[in-house]
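Inspection log for the structure reproduced underneath, given as structure tokens.
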Amino acid sequence: MSSAGSAGPQILLRDVPPRAAWALEQAGLPPLLARLFAARGVRTAEELDDGLGKLLPPEGLRGIADAARLLADAIEAGERICIVADYDCDGATACAVALRGLRMLGARAPGYVVPDRAVHGYGLTPAIVELALQSSASGRPDVLMTVDNGIASLAGVAHAKSLGLKVLVTDHHLPALVGDAIELPAADALVNPNQPGCSFESKNLAGVGVAFYVLLALRSELRARGRFDATNQPRLDGLLDLVALGTVADVVKLDANNRRLVAQGLKRMRAGKVQPGIAALFEAAGRDATRANAFDLGFALGPRINAAGRLSDMTLGIECLASDDAELALALAKQLDAINRERREIEADMREQAELKLDALMPDGDPPPALAIFEPEFHEGVVGIVASRLKERVHRPTFVFARGADGQLKGSGRSIPGFHLRDALDLVSKRHPDILSKFGGHAMAAGCTLADEAAFERFDRALQQVAHEWLDAAALTRTLRTDGPLPEDAFNPAVVEQLDAQVWGQAFEAPLFCDTVEVLNQRIVGDKHLKLRLRQGGALRDAIWFGHTESLPAQARLAYRLSLDSWNGQQRVQMVVEAMEPLA
């Protein structure tokens with residue numbers, strides 16, 4: 001095992017395929033962008049074409065024709081459609097997209113329900129089916145349409161069907177495993193790029209992306225039925241600001257198709273063509289929508305929507321995104337902002353307690369190969385964020401548990417490359433069938449439920465065993481991949497704006513450079529940040545390292561990104577330090 005502890009990561013350089021970089025330059029890209037894109041797997045300029053015409057066609061999604069027919073039949077028969085949402089930003093944006101899109105396409109007053117994280121748990125459960133039947137203001141629904149959930153809702157779909165409801169499942173999560181076999185719910189139609197037999201090239205669509213594709217197919221079906229023609233059909237591209245927000249906030253891989261969806265959404269934001277709720281969230285976050293980038297979506301807007309599902313009721317987030325009333329949307333966005341501030345305070349307290357427990361687990365500074373931490377007073381809506389923070393600190397698969405309202409322990413996990421979290425839970429479940437009440441998730445994020453503290457102790461030991469078997473010293477060593485040195489003439493505002501205008505995100509990471517510098521001056525600002533004056537080559541640079549107070553040596557190798565620091569109307573380029581290696 002490596003002794004990662006809190007040590008800094010090993011700074012590595014990305015490979016830049018020279019032929020790809022040359023081809024991109026020949027296609028007209030600036031040399032710096034050509035190098036950055038080539039290092040991220042782009043081979044031709046065509047891959048960077050973000051036009052709507054380059055989106056993968058809906059027909060590639062298995063089941064989407066059935067979904068379109070089901071919804072078109074419901075619209076033509078005047079049936080009521082109820083959307084079953086999820087309590088995160090992807091689920092909220094997917095619900096808002098479905099509500100808006102169905103109304104545009106002629107659905108009769110579509111409604112929605114969203115589970116309460118603490119009361120109902122996740123997905124289309126029998127209890128949520130009953131809630132949908134009871135809470136629909138416009139009457140009993142005829143069709144349930146899930147967004148961002150449902151692929152593993154075997155019991156909930158069966159219950160809805162037994163009551164005579166039609167069920168359309170739209171999801172992007174992995175299907176349920178019953179024993180060693182995949183089992184799908186008995187829905188009337190099922191659209192999920194990750195279901196068996198689906199040939200759709202992008203397996204990385206977020207839940208909101210799947211919902212948007214279903215609307216595209218529905219519009220095509222209605223057009224074929226003569227409801228409208230290509231010249232007067234509803235413009236669904238107006239929903240792409242919501243699609244972009246949900247895609248970035250759900251941290252799905254930004255493959256070429258997802259980058260196009262996000263790029264189109266950002267273009268609309270910058271042009272002022274946004275839903276009132278998106279505009280309100282930018283205002284509440286103190287951000288400028290005309291300069292929107294993926295960082296705004298992931299770190300400013302997304303957390304404000306997610307906070308509602310963590311601490312309150314995601315109805316607030318959905319109503320904000322679905323409202324056409326700008327004044328109401330702003331009032332809701334301000335509520336979401338206040339909830340997010342409360343979330344940050346709770347997270348800070350929980351993180352402090354969790355790190356004390358972590359320190360006790362590693363008296364010699366060497367953490368175990370996997371972490372499981374439980375504190376009865378933790379808030380179950382925030383355990384995932386705390387797990388993520390601990391994982392970042394020690395580079396270990398991490399689960400954090402809280403006691404739920406029903407007395408059971410609710411855990412959320414975050415992982416590192418090389419450790420598939422959902423598969424690890426599956427192996428724990430097979431070896432110890434009585435430990436996990438339920439579990440699910442992805443490779444890098446998963447959740448599970450334990451009956452009590454005795455089960456937690458056994459889970460901790462079982463998870464450690466899997467980690468010992470699966471992880472070697474290389475996997476347990478933190479690394480940070482960078483784009484190497486930055487040309488001296490690139491330290492200017494125009495380059496920073498050019499970089500900020502691109503779509504960066506999961507598996508298509510924002511540029512991170514590394515250079516050797518001489519540290520001329522350093523001081524702590526705001527009690528917890530290190531302000532630096534550096535010499536890089538022959539030039540003087542300003543830099544800041546947020547959340548870091550330890551002094552740097554006189555010479556160091558820094559990994560950093562660029563930002564624009566505005567002061568008194570002047571813009572200066574600043575290095576934002578992410579990691580440091582001392583020079584021998």
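Things to note:
- Identity of the residue in the stretch 436-483, free of Cβ contacts under 8 Å to residues at least 60 places away in the same chain and aromatic (Phe, Trp, Tyr), that ends up surrounded by the fewest Cβ atoms within 10 Å (Cβ to Cβ): Trp470
- Residue that is part of a helix (DSSP H, G or I) and more than 23 Å from the chain's Cα centre (by Cα), where the choices are Leu321, Leu358: Leu358
- Looking across the stretch 157-176, the residues that are in contact (Cβ under 8 Å) with a residue 60 or more places away in the chain, among the aliphatic types (A, V, I, L, M) and not in a loop (DSSP other than H, G, I, E, B) come down to Leu168, Ala176.
Okay, residues lined up against (1) outside any strand (DSSP E or B); (2) buried (at least 16 other Cβ atoms within 10 Å of the Cβ):
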position: Gln498; (1), (2): yes, no
position: Val503; (1), (2): yes, yes
position: Ile524; (1), (2): no, no
position: Asp527; (1), (2): yes, no
position: Asp542; (1), (2): no, no
position: Gly547; (1), (2): yes, no
position: Glu550; (1), (2): yes, no
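- Residues in the stretch 300-314 that are modelled with pLDDT of 95 or more and surrounded by fewer than 22 Cβ atoms within 10 Å (Cβ to Cβ) were compared, and the one that is nearest to Ala85 (Cα to Cα) is Pro303.
- For Asp296: the one exception among (1) assigned by TED's automatic domain parsing to the domain that holds Gly121; (2) more than 21 Å from the chain's Cα centre (by Cα); (3) of a type in the set (D, E, K, R): (2)
- Phe200 satisfies every condition listed in (1) surrounded by 21 or more Cβ atoms within 10 Å (Cβ to Cβ); (2) part of a loop (DSSP other than H, G, I, E, B); (3) in contact (Cβ under 8 Å) with a residue 40 or more places away in the chain; (4) more than 26 Å from the chain's Cα centre (by Cα) except (4).
- Which listed residue is surrounded by fewer than 23 Cβ atoms within 10 Å (Cβ to Cβ) and not in a helix (DSSP H, G or I), from Asp73, Asp116: Asp116
- Residue that is nearest to the chain's Cα centre (by Cα) [pool: residues in the stretch 498-523 that are over 28 Å from Val251 (Cβ atoms) and of a type outside the set (A, V, I, L, M, F, W, C)]: Asp515
- Against the numbered list (1) outside the structural domain of Arg561 (by TED's automatic domain parsing); (2) among the small types (Gly, Ala, Ser); (3) not in a helix (DSSP H, G or I), Ala455 comes up short only at (3).
- Test for Thr516: is it touching a His at 6+ places or on another chain (Cβ under 9 Å) and of a type in the set (S, T, N, Q): no
- Residues in the stretch 213-256 that are outside any loop (DSSP other than H, G, I, E, B) and within 21 Å of the chain's Cα centre (by Cα): 14 in all.
- On inspection, Lys410 qualifies as assigned to a strand (DSSP E or B) and among the basic types (Lys, Arg).
- Residues located in the stretch 58-78, provided they are touching a Lys or Arg at 6+ places or on another chain (Cβ under 8 Å) and among the acidic types (Asp, Glu): Glu76
- The stretch 392-418 residues that are under 18 Å from Phe456 (Cα atoms), paired with ones that are among the acidic types (Asp, Glu) (beta carbon under 6 Å, 6 or more apart): Ala402/Glu380; Gly404/Glu380; Lys410/Glu380
- Selection of the stretch 315-333 for residues being surrounded by fewer than 24 Cβ atoms within 10 Å (Cβ to Cβ) and more than 13 Å from Val114 (Cβ to Cβ) yields Ser323, Asp324, Asp325, Ala326, Glu327, Leu328, Leu330, Ala331.
- Residue count for the stretch 166-182, restricted to those that are among the hydrophobic types (A, V, I, L, M, F, W, C) and touching a His at 6+ places or on another chain (Cβ under 9 Å): 1
The values are calculated or read from the model by the stated rules, or taken from the named source; none is laboratory data. Note that the coordinates shown come from a computational prediction; the quantities given were computed from them, not determined experimentally. Using ideal geometry, Cβ is built from the backbone for each residue, glycine included, and neighbour counts are taken over all protein chains shown.
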